[in-house]
1. Among the strands (runs of 3 or more DSSP E) lying completely within the range 488-598, list those that include at least 2 residues that are farther than 26 Å from ALA651 by Cβ and touching a residue at least 40 places away in the same chain (Cβ under 8 Å).
2. Does the range 165-177 include one or more residues that are small (Gly, Ala, Ser), more than 30 Å from GLN269 (Cα to Cα) and surrounded by fewer than 19 Cβ atoms within 10 Å (Cβ to Cβ)?
3. Filter the range 205-230 down to the residues that are assigned to a helix (DSSP H, G or I) and among the acidic types (Asp, Glu), then identify the one that is farthest from LEU109 (Cα to Cα).
4. Assess whether ILE724 counts as being within 25 Å of GLY587 (Cβ to Cβ) and among the aliphatic types (A, V, I, L, M).
5. With the checklist (1) in contact (Cβ under 8 Å) with a residue 60 or more places away in the chain; (2) in a strand (DSSP E or B) in hand, flag the one item PRO643 doesn't pass.
6. Can you tell me which of (1) touching a strand residue (DSSP E or B) at 6+ places or on another chain (Cβ under 6 Å); (2) at negative phi; (3) in contact (Cβ under 8 Å) with a residue 40 or more places away in the chain is the one VAL411 doesn't meet?
7. Of the conditions (1) assigned to a helix (DSSP H, G or I); (2) under 25 Å from PRO154 (Cβ atoms), ASP57 clears all except one; give me its number.
8. Residues in the range 647-663: is at least one at pLDDT below 95, part of a strand (DSSP E or B) and not polar (S, T, N, Q)?
Amino acid sequence: MTKSFRALATGLLLSTASAAIAQQAPIVLPGAPGAQSRVIDKDEAIRLSDTRYSPADVKFMQDMIVHHQQAVEMAALVAKRTSNEGVRTIADRIDGSQADEIAFMRGWLEDRGESMGATDHSNMQHHAGMDHTGMDHRKMDQAEHHAMMGMATPAQMAALAEADGAEFDRQFLTLMIRHHQGAIDMVEDLHEQPGSAYDPVMFEFTNDIVSDQETEVERMNVMLSQLSADPRVGLAAGFRDAGEAISNLRIVAALPKPTGFFDPDNPAQLQPEIEEDEDEASDKDTKRADAEGSTERDEDGDDEDRFGQRSSLLSFANTDMAFSGDLLVAGSYHGFNAYRLGEDGKPNLVSSIVCPGGQGDVSIVGDLLFMSVQDSRARVDCGLGGVADRVSDERFRGLRIFDISDVTRPVQVGQVQTCRGSHTHSVVSADDKRIVIYNSGTSYVRPNEELAGCFENGGDNTALFSIDVIEVPVANPAASRITSSARVFAEDDRIAGLWLGGDHGTAADGGPTQDTNITDHCHDITVFPSKKIAAGACSGNGIVLDISDPLQPKRIDDVTETGFAYWHSATFNNDGTKVLFTDEWGGGGRPRCQAGDPMEWGANAIYELKDGKLEFSSLYKLPAPQTDKENCVAHNGSIIPVPGRDIFVQAWYQGGISVIDFTDAKNPVEIAYFDRGPVSEDQLITGGYWSAYWYNGRIYATEITRGLDVFALEPSEFLTAEEIAAAEGAVYPGGLFNPQTQTQVTWPDQLEAAADRPSISGG
């Protein structure tokens, strides 16, 4: 033994002995302010430092037992109420697997001396319209907690028990999908807690729950969609040969993307498949089986293909459109394309302008075209090389201005750099001297070193919680500038005066509410200059602005909605008495129209506007269930100007196009549609329709991956030939349509008189 080791050993012995002596001193646990301290023993002193499991682990197990018990109860209802073999098979799996898991969780708690918790959920009494006066708020909190776990309310369980046949199948699958998703959310919440699931057995168990529940949700979504008779269900996938379903519309044209605006080796922008050799695949399967208990397999038992998850450097996604006379400009993440509208409204390509930067939303005023740019890789010079440095004078994020007097040779004549870029913009006012534009940036705040005055955490100087007001001198667009950053979300001297993010508690039906984004920007602001008002879809709120002074917008009303995740866009009806807001739940890239998804989420909210105040009327969501390979949620649309009616055409990404009648604001109804199958059978690709707008008698729709489509309305039980003719003959002031600038259209007297008739179905 060396001298140094003897010295170390002696030191350790002395320190251990000192520790033993020190333990004879009292161990004290102070109380709250003013409370007496108390002496505790050594076991209690280290109880909280026991790292084998956490209080969150215990609560998770207690809650999951309750959660599983309800699933077993629901499964027990199946045998006597349906002959659907698929539903019966799911119930059998639930009965077997969840009973075993309940036994495991009980054993886990017992082994650690923990209680089973509150295992009876049958006494929940919280439901819509209940008088809570004198109610035990502990039980209310428990009911709200169970709702967040995706559990069915007593009323829903009672309704399920009363149902049979196809109606039972629908209710069972709907409730069970929500129930399974609740379990997944519980695991995600647990894993976010410090020190939770530290025990490898616990961690493996919770991961197995997620894997099993996700597989069952996928199966149940397919099964639930098959209960629908809608022709849009089950359309074949394909880039150019997808299945189609159409009602009360006629396809006028389906144009592919122009040359230079797609990758010829990968036109659909599919993710690359991850290829492995035999040895590597075998080794990974073994490791995956050890870590997760199973390999990824499809319904046939074969290993699922795996694909890359990262985006490519170039994006060719088609985006928004603007119209002026016979000119159509379609934006893109890669630039924009200009078309002349010919016979039957068919577009003829006249020029393609490459200027990458995303997202490429466009507006036209006279000979000027404005384009929103937000990506960090966008360059001042429209170059293809991107910008790699964190701070660079070559980067451009803001509003580009082009002279399109010769649309075959556009020239960039101005730029307005902004702190958060430009996601969308709105032309508020325009004359021969000045154009006023509201700019909405939704991306990160660039550093002050790159653009002076840009701060994310700058207190009242932050670039958050505002919109940019931009002034463009028509004679000198290069002198365009931001005149102010309007604090339209302020309240009581607080710039963050509206929704601060988070969910809304428990919904009226006892279910969960949406986790709504904080209101620190607007996504879209639709201005109605002739009415001197604007409607903003502003992340966590819908707002109404007084724009009597275009340079000083003032908020006059605001609302929030418990089912909205992200307030995305707004559209007035033709006389400005209604506003239709959309919710982009999932950001546009997720499959949010599956059969089991809530019909209140990712939907439209229709409000009546009375004396500047918004009054809620109804929600509308695409009624046709989509697959898990189709991104789908409410997106951009416009009014179809039928006299005396409120008709709206709308893009739903891969959910297709839907035309609704919301003349009766409380009872909107679909009157026409078009849909294709998914771009890919194997991959979830961000595709489908970005925007669908009515202009000069046709519906123009930008398809993100495929190109540009044109449709005409067909007479039906919902719309007469005379009403369609009136819509086709509607007069737009200045012959102009910009997506976020609404104008009040008029009709020739003869067409309006011919279309005048009592309301019909849906109106």
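1. Numbers: elements: 524-528, 533-538, 541-546, 554-559, 567-572, 578-583.
Here the list reads 554-559.
2. Taking the range 165-177 as the starting set, the residues that turn out to be small (Gly, Ala, Ser) are 165-166.
Filter once more, keeping what is more than 30 Å from GLN269 (Cα to Cα): 165-166.
Pick out the ones that are also surrounded by fewer than 19 Cβ atoms within 10 Å (Cβ to Cβ) and you get 165-166.
Yes: the range 165-177 contains one or more residues that are small (Gly, Ala, Ser), more than 30 Å from GLN269 (Cα to Cα) and surrounded by fewer than 19 Cβ atoms within 10 Å (Cβ to Cβ).
3. To start, the set of residues in the range 205-230 that are assigned to a helix (DSSP H, G or I) comprises 205-225.
With among the acidic types (Asp, Glu) added as a condition, the list becomes 208, 212, 214, 216, 218.
On the way: ASP208: 18, ASP212: 22, GLU214: 25, GLU216: 27, GLU218: 31 Å.
Taking the candidates together, the pick is GLU218.
4. Working: within 25 Å of GLY587 (Cβ to Cβ): no; among the aliphatic types (A, V, I, L, M): yes.
Spelling it out, it is not the case that ILE724 is within 25 Å of GLY587 (Cβ to Cβ) and among the aliphatic types (A, V, I, L, M).
5. (2)
6. Unmet for VAL411, out of (1) touching a strand residue (DSSP E or B) at 6+ places or on another chain (Cβ under 6 Å); (2) at negative phi; (3) in contact (Cβ under 8 Å) with a residue 40 or more places away in the chain: (3).
7. (2)
8. Taking the range 647-663 first, the residues at pLDDT below 95 are none.
Scanning the range 647-663, I find no residue that is at pLDDT below 95, part of a strand (DSSP E or B) and not polar (S, T, N, Q), so the answer is no.
The values are calculated or read from the model by the stated rules, or taken from the named source; none is laboratory data. Everything quoted here is computed from the prediction, not taken from an experiment. Every residue, glycine as well, gets a Cβ built from its backbone with ideal geometry; the counts of neighbours run over all protein chains shown.
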